[in-house]
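J.: Have a look at this one.
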Amino acid sequence: MIELLPIIKRTGAMTEQLRLRPGPQGLGMLPDGLLPQATTTGVCGFCSTGCGLTYHLRHDQAVGVTPNAQYPVNLGAACPKGWEALRVLESESRATVPLSRDSGGQLLPVTWDQALDRFCGTFKELLESGGPDAVAVLGTGQITCEELAFLGSLTKFGFGWRHADGNTRQCMATAVSAYKRAFGFDAPPFCYDDLEQSDCLVMIGANPCIGHPILWERFLLNRRRPNLIVVDPRRTETAAAASIHLPIRPKSDLCLLYAWTKWMIEHGAIDQAFIDQHTSGFDQLRAAVRDFPISRAAAETGVAEEWIVDAAQRIAAADAASFWWTMGVNQSYQGTATAQAIINLALITGNIGRPGTGANSITGQCNAMGSRLWSNTTSLLGQFPFEDQEARRKIAEVLHIPSDRIPTSAGWAYDEIMEGIRRGRIRGLWVVGTNPAHSWIEQGGAIDLLKRLDFLVVQDMYCDTETARIADLILPAAGWGEKEGTLINSERRYGVVRQVRRAPGQALSDFRIFQALARRWGVAGLFSEWSSPASVFALLQKISRSTPHDITGIRDYDHIASCGGIQWPWTAEDAAGGDPPTCGRRLFTDGTFFTPDGRARLEAFVPQEMPETPDDEFPFMLLTGRGTVAQWHTQTRTRCSPILQRLYPQEAYIEMHPQDARRLKLTSGMPVAVRSRRGQVRVRLLVTSAVAPGQLFMPMHYAETNQLTLSHFDPISRQPSYKDCAVAVDPWTNTCRS
Ligand SMILES: Nc1nc2c(c(=O)[nH]1)N[C@H]1C(S)=C(S)[C@@H](COP(=O)(O)OP(=O)(O)OC[C@H]3O[C@@H](n4cnc5c(=O)[nH]c(N)nc54)[C@H](O)[C@@H]3O)O[C@H]1N2
Ligand SMILES: Nc1nc2c(c(=O)[nH]1)N[C@H]1C(S)=C(S)[C@@H](COP(=O)(O)OP(=O)(O)OC[C@H]3O[C@@H](n4cnc5c(=O)[nH]c(N)nc54)[C@H](O)[C@@H]3O)O[C@H]1N2
Ligand code: SF4
Ligand SMILES: [Mo]
């Protein structure tokens, strides 16, 4: 395999990647005899930034990948994961044949025929004996829009299953709930140019230096000498670069945001004309924040009043202020309330619909937005409510299926599916492109539950993920680069992924697996039009007609690629005027929202107590999140690249403030036992002042982390609150057991 080694400079806090422009120099890095014969382009399949990549092909197979200098998202840059995207496809761990567990408990190779028979036979038996609540499916924001739509339609309309959810629940559910409540539709309003055009950026619970490094580079291109205000309990790489870092106590965001809201109202820093014309609920909001003076925010957050006011003044003084949030907000037991408080602030200060503004939730996985629109789980295809009879009729008409096959309500959410397993209601589970035995909250409990199932099917690129190891049947899936379709990035931009590699062994694309299952289940007739990803894309376009995400103006995949991606909406009417501009398309420029009266809704909630606060027995607050640029989630992919491996610690670690380490007589590098009420793990200690005293941080990439977390959720979005639980730390001794 050819190495196109990125030059990675570790400059203190940030990882910078060398920009390589395709051309004689770039190609010259390939060994003689393997010089590529052609190039094609596609988008990256890791994070939601959605960088454009150029594949260098030989005999139609990619032999190298470089960032695409023409792509408007990344402007010729990529992070180490993008550079190594091909390498992770080559691994001993790849699932290359279907594997089925025999009566002796051994996973043994079987033919696809046998695998499909076992899948359909067992799930049908479970449905017959247990009814429609007996089975469920968990999907992912990491497959294409076409595959997501196929999975959701196959299970709900084809198989008649009720319960379907996916890892988007772990990630984006809160933003979805907040946007729907405030804007009337789940519509992130921004484009990446806003990072460059903002005078004041407020980043709340987001660490783009690590999670979205190329978005961070876009911010670095901002020439307006912007203020960057970072709200994060940790001094992250992003916080270290901020004008002001507010190291708030975990989950005190809501109080801070309400105090800022009150301050803006009282200091005339609001846009009354915009509020009057384009919002509803202002009087209730003003009344609700009355009890949140700056002094209360200071007491709750632990941040000095002057700092909170200084930040408020900078927001108020900006011509264009923008508010960005990610998992520090979404993964919270009061996440929807917090996200709506951010949206309120943008609305009342008139910071929406103009360049450099917005209430902007950055998505996470490469197709998190595709999952929100097309997975047919929480809402019907295209984000209609299942309850909407007219929408059901429309979907039935476009898909040529009987409308009585479409459920009239959504099924259980992820946590309810897990609870259904606990109660013995759900007995069969199909897991596609996610690794819940590692990533679900309170993993010990999750693994016990998954083991209780009568039938667990895992469809994954790798056969040794934590979830695959306990499966009864493994279906080997092709991954990114081995199939085609579309992904939607954080700025609503459709991008195309191409097949540039043959999948290993007998692995099939998820799309082909769904087709084969439709035939074997006996519902191929319902999916006769679903012959290729491109034909499904055409169906999705029809469904999108006259919705906020109308994409009827797109011609085909080549059109998307030639435009450098196309942001939704792009209607047939828009297309009459030519191709879309490559950048700069944001929503709500005319102040009209997707609510019935066209007004955005302002809403306030009462802050809640954290369910598990530190005490004498468990004196520390544990935060979790992303560790390094080179690690992706449960590491099934990134562990497969020797280059990426060199860029992150191989062993699980926990960060602790020097003051706490001194008090406990612990030193950096020593093994420690970390205990919560759920479990105990052995990890290495890393002493650093990036975390505040009394707080700890563990990256989610190590399976140890979710053995400690506490199973609790946002009541509106049902998203897990991964970033708050109480733990204790002791030196590791031989008597400790993990
Ligand atoms: N390298 C890499 N990049 C990724 C991913 C990856 O696995 N690896 N995953 C992708 C995905 S799916 C996602 S969702 C994104 C996530 O991207 P981010 O949300 O930026 O990442 P996290 O580290 O999970 O959380 C962000 C910050 O929230 C802070 N935080 C914790 N509790 C609180 C709180 O109560 N209030 C506030 N204000 N902040 C808090 C944490 O200290 C952390 O720094 O990254 C995407 N990009
Ligand atoms: N403690 C803690 N836990 C967290 C978080 C946190 O911040 N803290 N963050 C949460 C968030 S935001 C997220 S998004 C989740 C992520 O959690 P997961 O979704 O469990 O993480 P991944 O490792 O991305 O799992 C994706 C799986 O799909 C497989 N895969 C990749 N591509 C394909 C494909 O094309 N087809 C198929 N069939 N399989 C494929 C991969 O091999 C991998 O096994 O973790 C959540 N868990
Ligand atoms: S920033 Fe995200 S999309 Fe861009 S190369 Fe890195 S992982 Fe891929
Ligand atoms: Mo995520």
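J.: Cβ under 14 Å from ARG585's Cβ, ARG585 left aside: what net charge do those residues give with Lys, Arg +1 and Asp, Glu -1?
T.: -3
J.: Along its principal axes, what span do the Cα atoms of the range 491-592 show, with the longest given first and each in whole Å?
T.: Its Cα atoms span 50, 30, 22 Å along the three principal axes.
J.: In what sequence do GLU603, GLU305 fall when counting other Cβ within 10 Å, fewest first?
T.: By the 10 Å Cβ count, ascending: GLU305, GLU603.
J.: For LYS251, list the lysines whose Cα falls under 21 Å from its own Cα; do not include residues on the same chain fewer than 8 positions away.
T.: Hits, sequence-local ones excluded: LYS262, LYS723.
J.: First select every other residue whose beta carbon is under 13 angstrom from the beta carbon of ARG684; then total the charges, Lys and Arg +1, Asp and Glu -1.
T.: -2
J.: Mean separation of Cα pairs under 8 Å and 6+ residues apart, divided by the residue count of the range 465-604: what relative contact order is that in percent?
T.: Computed over the range 465-604, the figure is 18 percent.
J.: Could I ask something else about it? Relative contact order of the range 620-731, please, whole-number percent, based on alpha carbon pairs below 8 angstrom and at least 6 residues apart.
T.: 38 percent
J.: May I ask for the equivalent-ellipsoid semi-axes of the range 170-216, computed as the square root of five times each C-alpha gyration tensor eigenvalue and listed largest first in whole Å?
T.: 22, 15, 9
J.: Can you pull the percent of Cα pairs in the range 252-356 with separation above 21 Å?
T.: 32 percent
J.: So how long is each side of the range 185-361 along the principal axes, counting just the alpha-carbon atoms, biggest first, in Å?
T.: 40, 35, 29
J.: May I pose another question? Which whole-number percent is the relative contact order of the chain (Cα, under 8 Å, 6+ apart)?
T.: 18 percent
J.: Give the Kirkwood hydrodynamic radius (Å, one decimal) of the range 369-467, defined as one over the mean of 1/r across all pairs of different Cα atoms.
T.: 15.3 Å
J.: Given the C-alpha atoms of the range 620-731, compute the convex hull and give its volume per residue in Å³.
T.: It is 106 Å³ per residue.
J.: While we're looking at this one, here's another question. List the aspartates and glutamates whose Cα lies under 15 Å from the Cα of LYS124, skipping any in the same chain that are fewer than 8 positions away.
T.: ASP133, ASP454
J.: For the range 192-268 and the range 594-632, what is the separation of their Cα centres, given in Å?
T.: Using only Cα atoms to place each centre, the spacing works out to 16 Å.
J.: Mind giving me the FRET efficiency for LEU221 and ASP310? R0 is 41 Å, r the Cβ-Cβ distance, nearest 0.05 is fine.
T.: According to the calculation, E is roughly 0.95.
J.: Then there is this: Please list log₁₀ I(q)/I(0) at q = 0.07, 0.09 Å⁻¹ for the chain, using the Debye equation with identical point scatterers on the alpha-carbon positions.
T.: -0.46, -0.79
J.: Placing one identical point scatterer on every Cα of the range 317-377 and ignoring solvent, what is log10 I(q)/I(0) from the Debye formula at q = 0.15, 0.30 Å⁻¹?
T.: -0.54, -1.13
J.: Take the alpha carbon atoms of the range 283-310, find their center, do the same for the range 677-695, and report the distance between the two centers in whole angstrom.
T.: Answer, in whole Å: 30.
J.: Can you give the calculated 222 nm mean residue ellipticity of the chain, where each DSSP H run of n ≥ 4 adds -39,500 (n - 2.57) and the sum is split over every residue, rounded to the nearest 500 deg cm²/dmol?
T.: When only DSSP H runs of four or more count, the value is -8000 deg cm²/dmol.
J.: OK, next. Just to be sure I understand the model, the point goes 7 Å from the Cα along the line to the Cβ. What's the resulting GLN650 to ASP283 distance in nm?
T.: A separation of 6.7 nm, rounded to one decimal place.
J.: For the range 515-593 and the range 95-168, write down the distance between their C-alpha centroids in whole Å.
T.: First find each Cα centre; the distance between them is then 27 Å.
J.: Turning to a different aspect of this structure: Sorted from fewest to most neighbouring beta carbons within 10 Å, what does the list MET203, MET264, MET369 look like?
T.: MET264, MET203, MET369
J.: Test of understanding: what is the full-extension gain from ARG519 to HIS59, defined as 0.36 nm times their sequence separation minus their Cα-Cα distance?
T.: Additional length available on full extension: 162.3 nm.
J.: Cross-link partners among lysines for LYS483, C-alpha distance below 25 Å, same-chain residues fewer than 8 apart left out?
T.: LYS81, LYS156, LYS542
J.: With a 10 Å Cβ neighbour count serving as the proxy for reagent exposure, in which order, fewest first, do VAL176, VAL681 appear?
T.: In increasing order of surrounding Cβ atoms, one gets VAL681, VAL176.
J.: For GLU125 and PHE185, what is the calculated FRET efficiency with R₀ set at 30 Å and r taken between the beta-carbons, to the nearest 0.05?
T.: 0.15
Readers should treat all values here as calculations from the given coordinates under stated rules, not as data from a laboratory. Just so you know, these numbers come straight off a predicted model, no measurement behind them. Cβ atoms come from the backbone with ideal geometry, glycine included; neighbour counts cover every protein chain shown.
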